[in-house]
Amino acid sequence: MKELFDKTYKDSKEEYLKMLEKKLKTNKKTFIVTANPEAFMLSEKNQEYRNMLLDKNTEIVADGIGLVKAGRILGYVIKERIPGIEIAEELLKYASEHQKKVYLFGSKPEVIEKMGNLIREKYSDAKLIGMQDGYVEEKDKVFKDIVKKEPDIILVALGMPKQEELIYKYLDKFKKGIFVGVGGSFDVISGTKKRAPKIFIKTNTEWLYRIVKEPKRIKRFYDNNIKFIFKIYKLKKSK
Ligand code: UDP
């Protein structure tokens with residue numbers, strides 16, 4: 001797990017977003033994994049997922065506060081969390097400012113439709129070249145269409161690890177593009193679901209808000225985060 005902390009982005013959100021804008025302007029192909037403890041835990045049992053995270057073309061940013069705190073325990077200073085949803089919103093803003101081509105894939109049909117409307121209204125200079133909800137059977141077919149259309153920004157909202165696995169499978173076929181798996185971000189950006197109130201975001205307890213709102217997440221939380229904490233302390237001891 002230490003190798004993953006080694007390559008996780010450590011500087012501030014502001015610096016990271018500035019860098020992303022530069023990459024977008026220069027057409028530098030970039031694959032971002034907005035990771036949380038669940039992603040790091042998955043890498044322990046899924047070799048392919050681990051290879052994907054460790055690939056030199058994959059950038060890891062700490063979406064979850066759990067990674068920031070665990071990093072500190074192990075002696076890695078990750079300045080702050082960089083939420084995937086903020087990366088997604090910032091990329092849409094850049095897309096509009098620089099008239100870049102955007103493809104959105106994932107979430108429910110009514111959500112993706114709202115995303116389309118939002119882009120036309122709020123990010124009106126972005127070129128929305130493709131949109132597809134995430135409940136189609138043939139997801140590979142969608143990706144083949146994405147490859148053909150050569151977008152500059154590709155946001156994939158299918159939940160982890162599916163979204164990252166699909167992006168990674170096709171990454172070689174693209175010459176440019178900023179790729180991000182954005183989980184449930186479209187639900188929030190489109191206004192279908194509410195993001196946590198500011199106080200939760202400020203106090204880094206957005207995860208708690210999500211559990212309270214959606215109690216079915218408890219098992220998933222326990223399976224990943226509690227076991228993750230034990231793992232980190234074990235790692236610290238062995239140092
Ligand atoms: N989703 C989808 N197709 C599927 C399963 C899920 O498009 O077959 C979407 C779902 O509608 C939601 C997102 O993927 O918008 C997953 O959200 P969640 O908050 O569970 O993401 P995570 O916690 O994994 O980041």
Residues satisfying the stated conditions in region 175-185, i.e. more than 16 Å from the ligand (Cβ to nearest atom) and open to solvent by less than 10 Å² (accessible area, probe 1.4 Å) = GLY177, ILE178
Of all residues in region 114-127, which are open to solvent by 50 Å² or more (accessible area, probe 1.4 Å) and more than 13 Å from the ligand (Cβ to nearest atom)?
-> ASN117, ARG120, GLU121, LYS122, SER124, ASP125, LYS127
Could you list all residues from region 88-131 that are among the β-branched types (Val, Ile, Thr) and under 18 Å from THR26 (Cα atoms)?
-> VAL102
Residue tally, condition assigned to a helix (DSSP H, G or I) and either touching a residue at least 12 places away in the same chain (Cβ under 8 Å) or within 11 Å of the ligand (Cβ to nearest atom) (or both), over region 145-158 = 4
Check GLU164 against each of (1) assigned to a helix (DSSP H, G or I); (2) open to solvent by 50 Å² or more (accessible area, probe 1.4 Å); (3) charged (D, E, K, R) and name the one condition it does not meet.
-> (2)
Looking only at region 186-202, and only at residues there that are assigned to a loop (DSSP other than H, G, I, E, B) and free of Cβ contacts under 8 Å to residues at least 40 places away in the same chain, the one that is most open to solvent (accessible area, probe 1.4 Å) | LYS194
Please identify the pairs in which a residue from region 159-172 that is closer than 16 Å to ASP133 by Cα and more than 8 Å from the ligand (Cβ to nearest atom) has its Cβ atom under 8 Å from the Cβ atom of a residue that is open to solvent by 10 Å² or more (accessible area, probe 1.4 Å) and assigned to a helix (DSSP H, G or I), counting only partners at least 6 apart or on another chain.
-> LEU166/LYS139; LEU166/ASP140
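Yes or no, residue by residue, for (1) more than 27 Å from TRP207 (Cα to Cα); (2) more than 16 Å from the ligand (Cβ to nearest atom); (3) in a loop (DSSP other than H, G, I, E, B):
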| position | (1), (2), (3) |
| --- | --- |
| ASP11 | no, yes, yes |
| LEU17 | no, yes, no |
| LEU20 | no, yes, no |
| ASN27 | yes, yes, yes |
| GLU38 | no, no, no |
| LEU53 | no, no, no |
| GLU59 | no, yes, no |
| ILE87 | no, no, no |
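The values are calculated or read from the model by the stated rules, or taken from the named source; none is laboratory data. This structure is a prediction, so every number in the text was calculated from the model and none was measured. With ideal geometry, Cβ positions are generated from the backbone for all residues, glycine too; neighbour counts draw on all protein chains shown. Side chains included, ligands, DNA and RNA excluded: accessible areas come from the protein's heavy atoms. Shrake-Rupley method; radii C 1.70, N 1.55, O 1.52, S 1.80 Å.
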